[in-house]
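Right, one structure below, let's go through it.
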Amino acid sequence: MHVALFTDFHPATLGGIQTSVHAQRRGLERLGHRVTVFTAPTPESTEPDADLVVLSALGGVVVNGFAMVLPTPANNRAIDAAFAERGPIDVVHTQTTYGVAIAGLRAARRHGLPVVHTVHSRDDVFIANTSPVPYLSALTMRALHGRFVSHRGHMPRNDESRAARHAWRTMVAQAQAADRVIVPTEHFAQRILAHGLTRPIRVISNGIDDELLDAAQTSVPESGPVRTGPLRILWCARLSGEKRLLEAIEAVRLVENCEFDIYGTGELWERARAAIDAGGLSGRVRLRGAVSQAECLAAMATHDVLLFPSSGFDTQGMALLEAVAMGLPVVYCDPDLAETVPEGGGVCTRNPSVAAIADALRELADDPEQLVPMRKILADHADSARQSRLTEAIAAIYTDLVGGAKQTMPQPVPNVPTAPGRLPLLGHSVVALRDGLKFVTSLAEIGPIVRIYLGPRPAYVLTTPDLIRAVGFGEAGDFHREELRDAIQEVIRGASNVLSGKPHELRRRMIAPALRQRRLTEYAVVAADLANAWSASLAPDRPLNLVDEAHRLVLDTISATLFTAEFGADAKREVQQNIPWLLGQVIQRAALPPPVRRLRVVANRRFTAKSRRLRAEIGAVVTEYRRADRDFHDVLSALVRHSDPETGTRLSDEEIIDELLLMLAAGVGSTASILGWVWHEIMRNPDIAAELRRELDDFVGEGPITHDHVAELPYLRLVILETLRFWGPWVSTHTADGPVTLGGTTLPDGAMVVFSPYMIHHNPHYYPSPETFDPDRWFPGRVEEIDKKAILPFGVGSRHCPGNNFALMTITLATAALFARWQPVADPGYQVKPSNRDFVAAPSRLPVVLQTLR
């Protein structure tokens, strides 16, 4: 492919974006792609570059040391001429938010080319720290940007200044105009989504050029005795306010046993020199000036620690990646940057203050032995930022956009058998959609890993519990769920089900308090009252579809336990009106390839409009809960009030909205489906129904269902466990984030990995007589025969469903309320069939007539 990169920072200048763009360019060229870079002029450019096109700048206008370019007619003509002379161009990739990137975006639209946009930095923080009048600067930038790029659309309210809001408007508008968006870290992805971005977004780290890194790592000293003498501190960054250089110098002044080498240049040079002189630090603090990336890496091999004190600005920080690659421990102030620094590979100060920075440095200077384990940890991550590991992910985005997926489809992995029944172009999609349950169960006998084709794309089905656990517990490698995120991001932008790595771990910790036992007991009181009222409202001797009733009751139960305060009433109505339709659309969108999904113009517009309205309604409730600042004994109260004890992090409004919607979707989908199957299995097994009736007579009698019955109905629990086995999730998908190894077989980066709890649960190797619905298999004395690794209804490892106990509670109380009062008689002329349109197969219909018991 021929890629046109547009950046406002000339590659000859110094900075993290320049370094990242250079590495991307070299990485793409090594894969055989052609790259042309369009950029702003700079006096630092002295070497000719045949693949560099320099645009015209506004004479005499310099912003933060960089020439200012506008998408003028002259620049537009220059770009069009370059496209004609060097073309054809396949894809445009913009790397900044300013004039050159705007010109690239407009050129792409003129030529009908797809656009990828990488958001590298936070302009809101940059403006706040570098402009004497941040509000005026942000407003001017937004007004100028808005002349060329549409700023229409709603942007959610966040806790930020008016200047920051204007800056975010500009950043989001540039990203929203692209076809795909790349950001370097998960925490930054969450932040930009919280500001209203609805375009497909992918997290791909910045990288370091392989050749440069190979040369630099030869100078990394082997671990040996701890070095003596002063602590050698290194700075490798722009000398700019948002980087907090002056604070770093002041912190070093407070620590006597250290030296500080400052590599870089910028507008703070003179103020830094003055601070050094005023503090009498000329013997310990040295301004080294601008250096190349190679020189910066070499310096990292001779220092003890990198100081990186920026807070709230850097989305990742190239210097952090370089330090990790060179085994140099890091002292940093921003907890979000822990996503880049491996755990134990550095020190995050207790807060961003000068005193906190000084304390962290002093502790290392007094006890340099602490650096030894840090270096050992970093050594295990030395290759994590190699550009070669990241370029293929970027190229895959290009390929998807230009419609060349078939040509660059990952090659089949050798020695993995392919399932029979593959059709040209369609692969196994037809048979999977026609009878997914039968299809997945047939794969177990083929091998431990079986290749299927979803259209032209290969996917790898795992058929043993051990391989599934290797994915769930991270033993096989890293996985992500960005494809699912792309499909649902209008309604659920960054919930725990699509996060990966450390952000996923943190989010799980953040939502856990809402689902602890004390809270579940409170929810059970609400659920029991609703179940009793629902059961009492049913009419005897009339046709009734219990599938509809299951969905209605589960939706009522979940919405009632999410927000109980009076000001949540409107949100509940919005949920009940829109969640079922949105969930159906989510399932369809997840199943469709992106090019096909984009063709559904009317459905997509309706989906976006309903998603925005629902998120806005729930967002208003979140705002009221924060204002009330009290515990309403519901899920939202727990999410709003919780602070992570390890990091001090609190969930933002947008993150809370995501998690509430995820809980609703899981309930309306999976929980309601399992509830329907529980009722179906009881009705079609008279012996089971009779035993359940005896238990309900003994423990419930004529009284109402109460929350205590959750733990007092042991036989019902066995029925539910067997239903979860018999009708458990039939499909779960993950995408390899880098090469992964399963049972000695290595799958490539981007490989789709599929597993089916339903398949495992119906394999006679793990469950005797698997096609027999037998609650007694869970009795003590028999349950010991089941391999615990083969019990998978709620997933395994880091993806284990956090709401499993909530689901069991809901299903138990609803079932008890129905069968304690009624005897449902199934329509003998109707055959119930499973529908595999969701991750859990749902009963098609359950037509019954209710007969009164009491």
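The values are calculated or read from the model by the stated rules, or taken from the named source; none is laboratory data. Since we're looking at a predicted model, the values are computed, not measured. Cβ coordinates were reconstructed from backbone atoms using ideal geometry, including for glycine residues, and neighbour counts include every protein chain displayed.
So C801 fits all but one of (1) part of a loop (DSSP other than H, G, I, E, B); (2) touching a strand residue (DSSP E or B) at 6+ places or on another chain (Cβ under 7 Å); (3) not aromatic (F, W, Y); what number is the exception?
Failing condition for C801: (2).
If you check D367, D334, which single one turns out to be in the same structural domain as A248 (by TED's automatic domain parsing), of a type in the set (D, E) and either crowded, with 23+ Cβ neighbours inside 10 Å or within 24 Å of the chain's Cα centre (by Cα) (or both)?
Only one candidate passes the filter, namely D334.
Name every residue in the stretch 312-322 that is buried (at least 20 other Cβ atoms within 10 Å of the Cβ) and either touching a residue at least 60 places away in the same chain (Cβ under 8 Å) or not hydrophobic (A, V, I, L, M, F, W, C) (or both), in order of residue number.
Restricting attention to the stretch 312-322, the residues satisfying the condition of being buried (at least 20 other Cβ atoms within 10 Å of the Cβ) are 313-322.
Across the stretch 312-322, the qualifying residues are F313, D314, T315, Q316, G317, M318, A319, L321, E322.
If you check A487, A514, which single one turns out to be surrounded by 18 or more Cβ atoms within 10 Å (Cβ to Cβ), farther than 22 Å from A736 by Cβ and either modelled with pLDDT under 90 or more than 11 Å from the chain's Cα centre (by Cα) (or both)? Break it down stepwise before answering.
Numbers: A487 fails: farther than 22 Å from A736 by Cβ.
Among A487, A514, only A514 is surrounded by 18 or more Cβ atoms within 10 Å (Cβ to Cβ), farther than 22 Å from A736 by Cβ and either modelled with pLDDT under 90 or more than 11 Å from the chain's Cα centre (by Cα) (or both).
Just checking, does the stretch 163-174 include any residue being under 30 Å from L31 (Cα atoms) and either in the same structural domain as R122 (by TED's automatic domain parsing) or in a loop (DSSP other than H, G, I, E, B) (or both)?
Looking through the stretch 163-174, at least one residue is under 30 Å from L31 (Cα atoms) and either in the same structural domain as R122 (by TED's automatic domain parsing) or in a loop (DSSP other than H, G, I, E, B) (or both).
In contact with a Pro (Cβ under 6 Å, 6 or more places away or on another chain), of a type in the set (V, I, T) and not assigned by TED's automatic domain parsing to the domain that holds V291: is that true of V92 in this structure?
So V92 fails the test.
Would you pick out the residues in the stretch 645-669 that are hydroxyl-bearing (S, T, Y) and at pLDDT 90 or above?
Of the stretch 645-669, the ones hydroxyl-bearing (S, T, Y) are 647, 649, 652.
If the condition is that a residue be hydroxyl-bearing (S, T, Y) and at pLDDT 90 or above, then S652 is the only one that fits.
Among the listed residues A290, A274, A294, A299, which satisfies the condition of being buried (at least 19 other Cβ atoms within 10 Å of the Cβ) and out of contact with any Pro (no Cβ under 7 Å at 6 or more places or on another chain)? Outline the logic, then answer.
On the way: A290 fails: buried (at least 19 other Cβ atoms within 10 Å of the Cβ); A274 fails: buried (at least 19 other Cβ atoms within 10 Å of the Cβ); A294 fails: buried (at least 19 other Cβ atoms within 10 Å of the Cβ).
Exactly one of A290, A274, A294, A299 is buried (at least 19 other Cβ atoms within 10 Å of the Cβ) and out of contact with any Pro (no Cβ under 7 Å at 6 or more places or on another chain), namely A299.
Would you check if there is a residue in the stretch 809-820 being in the same structural domain as T521 (by TED's automatic domain parsing), out of contact with any Lys or Arg (no Cβ under 6 Å at 6 or more places or on another chain) and surrounded by fewer than 17 Cβ atoms within 10 Å (Cβ to Cβ)?
Checking the stretch 809-820: not a single residue is in the same structural domain as T521 (by TED's automatic domain parsing), out of contact with any Lys or Arg (no Cβ under 6 Å at 6 or more places or on another chain) and surrounded by fewer than 17 Cβ atoms within 10 Å (Cβ to Cβ).
Within the stretch 347-370, is even one residue touching a residue at least 12 places away in the same chain (Cβ under 8 Å) and part of a strand (DSSP E or B)?
yes
Which residues, counting only those in the stretch 832-854, are part of a loop (DSSP other than H, G, I, E, B), surrounded by fewer than 17 Cβ atoms within 10 Å (Cβ to Cβ) and among the aliphatic types (A, V, I, L, M)?
Across the stretch 832-854, the qualifying residue is only L853.
At pLDDT 90 or above, under 18 Å from the mean Cα position of the chain (by Cα) and in a loop (DSSP other than H, G, I, E, B): which single residue out of G477, G447, G494 fits that description?
So the residue among G477, G447, G494 that is at pLDDT 90 or above, under 18 Å from the mean Cα position of the chain (by Cα) and in a loop (DSSP other than H, G, I, E, B) is G477.
Do we have D210 as in contact (Cβ under 8 Å) with a residue 12 or more places away in the chain and in contact with a strand residue (DSSP E or B) (Cβ under 6 Å, 6 or more places away or on another chain) here?
yes
If you scan the stretch 1-48, which residues turn out to be of a type in the set (D, E, K, R) and closer than 20 Å to V69 by Cβ?
Of everything in the stretch 1-48, those that are of a type in the set (D, E, K, R) and closer than 20 Å to V69 by Cβ turn out to be D8, R25, E44.
Since K438 meets every condition but one in (1) touching a residue at least 12 places away in the same chain (Cβ under 8 Å); (2) surrounded by fewer than 16 Cβ atoms within 10 Å (Cβ to Cβ), which condition does it not meet?
(1)
If R457 passes every condition in (1) under 25 Å from V116 (Cα atoms); (2) touching a His at 6+ places or on another chain (Cβ under 8 Å) but one, which one does it miss?
Only one criterion is unmet by R457, namely (2).
Among the residues of the stretch 82-102, how many are under 16 Å from V172 (Cα atoms) and part of a loop (DSSP other than H, G, I, E, B)?
4
Which residue pairs have Cβ atoms closer than 6 Å, lie 6 or more positions apart in sequence or on different chains, and pair a first residue in the stretch 763-782 that is under 18 Å from W730 (Cα atoms) with a second residue that is assigned to a loop (DSSP other than H, G, I, E, B) and small (G, A, S)?
Short answer, once both residue conditions are applied: N763/A444.
Determine whether L818 is part of a helix (DSSP H, G or I) and either without any contact (Cβ under 8 Å) to a residue 40 or more places away in the chain or out of contact with any His (no Cβ under 9 Å at 6 or more places or on another chain) (or both).
yes
State all residues of the stretch 397-431 that are modelled with pLDDT of 80 or more, surrounded by 15 or more Cβ atoms within 10 Å (Cβ to Cβ) and either among the aromatic types (F, W, Y) or closer than 21 Å to L443 by Cβ (or both); if no residue qualifies, say none.
Y398, V416, T418, A419, R422, G427, H428, S429, V431
Step by step: first the residues of the stretch 675-692, then only those that are hydrophobic (A, V, I, L, M, F, W, C) and touching a strand residue (DSSP E or B) at 6+ places or on another chain (Cβ under 9 Å), then the one that is surrounded by the most Cβ atoms within 10 Å (Cβ to Cβ). Which residue is that?
W677
Being surrounded by fewer than 22 Cβ atoms within 10 Å (Cβ to Cβ), in a helix (DSSP H, G or I) and out of contact with any strand residue (DSSP E or B) (no Cβ under 6 Å at 6 or more places or on another chain), is that true of even one residue in the stretch 217-235?
yes
Out of R542, R457, I need the residue that is of a type in the set (K, R), touching a strand residue (DSSP E or B) at 6+ places or on another chain (Cβ under 9 Å), surrounded by fewer than 21 Cβ atoms within 10 Å (Cβ to Cβ) and assigned by TED's automatic domain parsing to the domain that holds P802. Which one? Walk me through it before giving the result.
Numbers: R457 fails: assigned by TED's automatic domain parsing to the domain that holds P802.
Exactly one residue qualifies, and that residue is R542.
Which count do you get for residues in the stretch 276-318 that are farther than 27 Å from N351 by Cβ and hydroxyl-bearing (S, T, Y)?
Number of matching residues: 3.
What residue, of A790, A826, A820, A816, is touching a Phe, Trp or Tyr at 6+ places or on another chain (Cβ under 7 Å) and of a type outside the set (S, T, N, Q)?
Sole residue among the options that is touching a Phe, Trp or Tyr at 6+ places or on another chain (Cβ under 7 Å) and of a type outside the set (S, T, N, Q): A790.
Take the conditions acidic (D, E), more than 22 Å from N578 (Cα to Cα) and either in contact with a Leu (Cβ under 9 Å, 6 or more places away or on another chain) or in a helix (DSSP H, G or I) (or both) and apply them to D644. Does it pass?
Against the criterion (acidic (D, E), more than 22 Å from N578 (Cα to Cα) and either in contact with a Leu (Cβ under 9 Å, 6 or more places away or on another chain) or in a helix (DSSP H, G or I) (or both)), D644 qualifies.
Mind counting the residues in the stretch 236-277 that are in a helix (DSSP H, G or I) and either among the aromatic types (F, W, Y) or assigned by TED's automatic domain parsing to the domain that holds G65 (or both)? Let's see the steps before the verdict.
Applying the first criterion (in a helix (DSSP H, G or I)) to the stretch 236-277 yields 241-243, 245-253, 269-277.
Still in the running and either among the aromatic types (F, W, Y) or assigned by TED's automatic domain parsing to the domain that holds G65 (or both): 269.
Residues meeting the conditions: 1.
Which of the numbered conditions does G472 fail, given that it passes all the others? Conditions: (1) assigned by TED's automatic domain parsing to the domain that holds M752; (2) out of contact with any His (no Cβ under 8 Å at 6 or more places or on another chain).
(2)
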